[in-house]
Structure formats: structure tokens, C-alpha cells
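The values are calculated or read from the model by the stated rules, or taken from the named source; none is laboratory data. Just so you know, these numbers come straight off a predicted model, no measurement behind them. Here the Cβ is made from the backbone with ideal geometry for all residues, glycine too, and neighbour counts use every protein chain on show. What goes into the accessible areas is simple: the full protein's heavy atoms, side chains included, and nothing from ligands, DNA or RNA. Shrake-Rupley method; radii C 1.70, N 1.55, O 1.52, S 1.80 Å.
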Amino acid sequence: KGGIVIDQIEYQSGIKTIEIPASRSNQTDHEANEAEKKSYQQLLGKLQWISSQSRPDIRYLVLECSLMANKPKISDIVRINKVVKKMNKRTMKIHFGIPHCDVKDMKILAFSDAALSNLPDKTSSTRGFAIFLSGHGKVAPLSWCSRKLERVAKTIIYAEGIALGKCLDEAINLKQALLQIMNLDSDEISAQKIIPIIGITDSKSLWDNINSTTQASDLKLRREVASIREQLE
């Protein structure tokens with residue numbers, strides 16, 4: 001009880017797979033014709049919308065499909081149809097609950113992750129995050145993301161650094177929005193002590209670099225680490 005519940009069950013029911021004629025089903029390496037390309041892009045748009053609003057479980061799969069939007073093949077149509085089938089195996093409701101506790105007991109949990117050269121082109125990497133508002137033993141989802149890394153990453157630690165930095169950017173923006181919603185003026189209170197942000201990464205190497213007094217030898221990584229340290233201050 002309490003909070004806001006969001007679902008797109010009715011919208012989901014209208015998302016259907018693309019019919020592939022029998023004469024085309026075995027031509028997986030063939031490029032889609034104009035009609036098939038249009039159907040692919042229309043379906044992709046629907047999946048991007050629902051995965052960003054109420055279905056985080058398919059967000060990464062939709063990201064993979066989005067990379068083929070300009071020149072999809074029949075194999076890509078098969079792939080996107082599998083995403084639709086996976087989505088339609090269940091419905092989902094997102095509960096944005098308001099923790100029943102003093103604001104001093106609230107905190108933001110910001111989880112980030114990255115994968116190196118894992119996208120279909122074998123060179124692009126992925127970053128993602130999931131951010132929650134926590135309080136009194138309960139959590140409420142605030143934001144989630146799965147995106148192609150904006151820069152080419154040669155090492156996983158660099159990719160993890162970008163992912164954590166972007167995650168903290170989003171968490172800081174969400175914190176400011178929460179302070180305003182709760183009518184808490186960040187200029188008049190110690191904002192860092194109210195709703196603290198806890199950044200969480202599974203990269204021990206990145207953690208070690210952030211907490212080390214020795215600068216990283218990689219200049220790009222050094223910049224990311226410096227930016228993260230500034231965010232954490």
C-alpha cells in the first residue's frame with residue numbers, strides 16, 4: 001500500500017511479432033525489404049518505450065535489436081520476435097513505493113555494470129545501471145538503463161569507470177529531484193548527509209583505483225576516476 005504502481009499491460013497486449021512468410025524464413029542472411037524494415041522499426045519503437053518505462057527485464061535485449069535498425073536482416077527479425085515472445089510470457093507492475101521512514105534514514109542505491117565488446121558488432125561495449133530509493137528495509141526503483149557505451153573501451157576497467165560515472169550522474173540528478181519534491185532546500189541543509197548516494201560496482205579493480213593514492217597509468221581511466229571521486233565528495 002502507498003506509492004505509485006505503473007504497468008503497461010494493455011499496451012503490451014498490442015505488441016505483436018512480425019510475420020515472416022515461409023518463403024523468407026530460411027533466408028536469415030538476406031536483408032529485410034522495405035516493408036519488413038518498416039515493420040522492424042515500428043516494433044522496435046514499441047519495445048524501446050515499454051522497456052524504458054515498465055519492463056527493465058528486456059532492456060538489454062532491446063538494445064541489441066536497436067543496433068540493427070538501419071539495415072535489419074531476416075535473422076534480426078527472428079531475434080526481435082524472440083524478444084516479444086519473452087516479454088509476453090509475463091506481465092509486470094513497477095511499484096514506486098515511498099519508504100515510510102524519516103528522510104534521514106533514506107538513501108539511494110546506485111548499481112552500475114559494464115560489459116566489454118559484447119554487442120553484435122563485437123567491438124561496442126555496454127553500460128547499465130539500476131537505481132533505487134531505500135529506507136526502512138524496503139526499496140523502490142527510480143531509474144534503470146542499458147546502453148551502448150558512448151566511447152570505445154579497450155579495457156573492462158575503463159568501461160566500468162564510464163558506467164559508474166554515468167550511474168552517479170543519474171543518481172545525483174534523482175537526489176536533487178527528491179529534495180525538491182520533499183521541499184528540502186539543498187542550499188540550507190547538508191545535502192550530502194540527507195539521502196546519501198551509495199555507488200555499487202562489481203569491479204574490484206575500479207574500486208582499488210578510486211581509493212588509491214597512486215594515479216592510474218591509463219590517462220582515460222585517470223580522468224574517469226577523478227570524475228568519480230569528485231562526484232563522491
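Could you tell me which of the residues 172, 198, 162, 210 is part of a helix (DSSP H, G or I) and open to solvent by 30 Å² or more (accessible area, probe 1.4 Å)? Steps first, answer last, please.
On the way: 198 fails: part of a helix (DSSP H, G or I); 162 fails: open to solvent by 30 Å² or more (accessible area, probe 1.4 Å); 210 fails: open to solvent by 30 Å² or more (accessible area, probe 1.4 Å).
The match here is 172.
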Study note, to complete from the structure: By residue number, the members of segment 1-40 that are surrounded by 14 or more Cβ atoms within 10 Å (Cβ to Cβ) and in a helix (DSSP H, G or I) are 12, 36, 37, 39, 40
Point to revise | Enumeration of residues in segment 126-159 that are open to solvent by 70 Å² or more (accessible area, probe 1.4 Å) and either part of a helix (DSSP H, G or I) or of a type in the set (Phe, Trp, Tyr) (or both) | key: 156
Exercise for review: Among the candidates 110, 115, single out the residue that is under 23 Å from residue 141 (Cβ atoms), touching a strand residue (DSSP E or B) at 6+ places or on another chain (Cβ under 6 Å) and without any contact (Cβ under 8 Å) to a residue 60 or more places away in the chain.
Suggested key: 115
**Study point:** Residue selected from segment 137-159 under the condition among the hydrophobic types (A, V, I, L, M, F, W, C) and more than 16 Å from residue 195 (Cβ to Cβ), by the criterion nearest to the chain's Cα centre (by Cα)
**Key:** 145
